[in-house]
Amino acid sequence: MSGPLSGLTIVELAGIGPGPMCSMMLGDMGADVIRIDRTTAHVMDRFADPKYAVHNRSRRSVSVDLQKKEGVEVVLRLIDKADGITEPFRPGVAERLGVGPDICLKRNPRLVYGRMTGWGQEGPLANAAGHDINYISITGALAAIGPEEAPVPPLNLVGDFGGGALYLVVGVLAALLEASKSGKGQVVDAAMCDGAASLMSMFFDMTAIGRWTEGRNQNFLDGGAHFYGVYECACGHFVSIGSIEPQFYALLREHAGLTDADFDAQMDRKAWPALKEKLKAVFKSKTREDWCNIMEGTDICFAPILTMAEAPKHPHNAARNIFVERHGVTQPAPAPRFSRTPSAIRDAEKAEIADLTSAWKTGR
């Protein structure tokens, strides 16, 4: 196996969304991740061909019925020899199944036990159902995203993947590092509401010092400013600009022909709405391809807005192999990159339970 986590074994109790993404990243980085699948497919996976389940790549899997004593024993044998485990259940479910942290840490004191929930292990909402959109709603994140008329869900990037999966990865790795020194494991409580709130740190900072106004489309990073936003082109496609710094703004004016003296008032919030309307007309005068020829590669902070079908074909993405194709499926490549121990997508194995448990019994 390649990757900086080669030699580590992680048991993943299967879930959807942030749990699988966490395991995908650990597996891409070299950890031997063994996914414990349900014996019946989850409603969100029921009609999917496994080759399209990108988040389930880079790990082995076994189907185990955790409602049966024998199934629980299979998982506990795996945990005995593992470095970590991740579980996606509501609070108390793992305990009721017999694979909670007390039991697992008693059997394997060095184990890092990662828990992925939306609301966390305690609190008034801990046992309520929810999804990404709900977790980011109570943190101030969703209220700040979108046009003035109404908030717009930013896919499920902020709660599930940003505030959930990435924080679970960081937490598990930090606990594994500490365990390598202390010889003791611990529980990592990664809640999507916690992570989403943490991602909002800079905006709470700017609010405290008076640089951020409550409400959408009124600030320099939420589409309120004319120099940081999205513009439609003559062809119906869109481009983005982020010319915040004065030198970048000067280049925007130069390349877009913004000679109107009104554009001198870059940081005058009162002038932004009128300047945005003027800039809309400018960008609407040429196609996206025209603007790419004029601005792409400059310090304007410019990029064409590409669809998922277009993104893999962009020259920069292609040069860096940001997207790869496996089994006929185009998908994002592993990230981040390592100079000496590169990450890689590994083919998954569907292991037979009997063979796997036999190997663990005999210590192979």
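The values are calculated or read from the model by the stated rules, or taken from the named source; none is laboratory data. Small disclaimer: the values here were computed from a predicted structure and weren't measured. Positions of Cβ are generated from backbone atoms using ideal geometry, with glycine treated the same way; all protein chains shown enter the neighbour counts. Note: areas computed on protein heavy atoms with side chains; ligands, DNA, RNA excluded. Shrake-Rupley method; radii C 1.70, N 1.55, O 1.52, S 1.80 Å.
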Would you mind telling me which numbered condition in (1) closer than 30 Å to Ser6 by Cα; (2) surrounded by 14 or more Cβ atoms within 10 Å (Cβ to Cβ) Ser182 fails?
(2)
Of (1) crowded, with 19+ Cβ neighbours inside 10 Å; (2) small (Gly, Ala, Ser); (3) out of contact with any Ser or Thr (no Cβ under 9 Å at 6 or more places or on another chain); (4) within 23 Å of Trp272 (Cβ to Cβ), Gly146 satisfies all except one. Which?
(1)
Go through the range 149-179 and give me each residue that's open to solvent by 60 Å² or more (accessible area, probe 1.4 Å) and either among the polar types (S, T, N, Q) or in contact with a strand residue (DSSP E or B) (Cβ under 8 Å, 6 or more places away or on another chain) (or both).
Tyr167, Glu178
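Looking only at the range 186-243, count every residue that is more than 30 Å from Asp264 (Cβ to Cβ) and not charged (D, E, K, R) and tell me the total.
Number satisfying all stated conditions: 17.
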For the range 185-197, does any single residue satisfy the condition of being surrounded by 13 or more Cβ atoms within 10 Å (Cβ to Cβ) and among the charged types (D, E, K, R)?
yes
From the list Arg115, Arg216, which one is open to solvent by less than 70 Å² (accessible area, probe 1.4 Å), of a type in the set (Lys, Arg) and closer than 30 Å to Val282 by Cα?
Arg216
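Being touching a helix residue (DSSP H, G or I) at 6+ places or on another chain (Cβ under 6 Å), at pLDDT 95 or above, open to solvent by 20 Å² or more (accessible area, probe 1.4 Å) and at negative phi narrows it down to one of Arg35, Arg96, Arg110, Arg90, so name that one.
Arg110
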For the range 278-297, enumerate the residues that are in a helix (DSSP H, G or I) and over 34 Å from the mean Cα position of the chain (by Cα).
Lys278, Ala281, Val282
Of the residues Ile305, Ile300, Ile294, only one is open to solvent by less than 50 Å² (accessible area, probe 1.4 Å) and modelled with pLDDT of 95 or more; which?
Ile300
Does Val239 satisfy the criteria of being more than 21 Å from the chain's Cα centre (by Cα), at pLDDT 95 or above, open to solvent by less than 30 Å² (accessible area, probe 1.4 Å) and farther than 30 Å from Pro109 by Cα?
yes
Go through the range 169-255 and tell me which strands (runs of 3 or more DSSP E), entirely inside it, have 3 or more residues that are over 21 Å from Pro153 (Cα atoms).
186-191
Have a look at Ala335, Ala309 and point out the one that is closer than 16 Å to Arg57 by Cα, assigned to a loop (DSSP other than H, G, I, E, B) and within 22 Å of the chain's Cα centre (by Cα).
Ala335
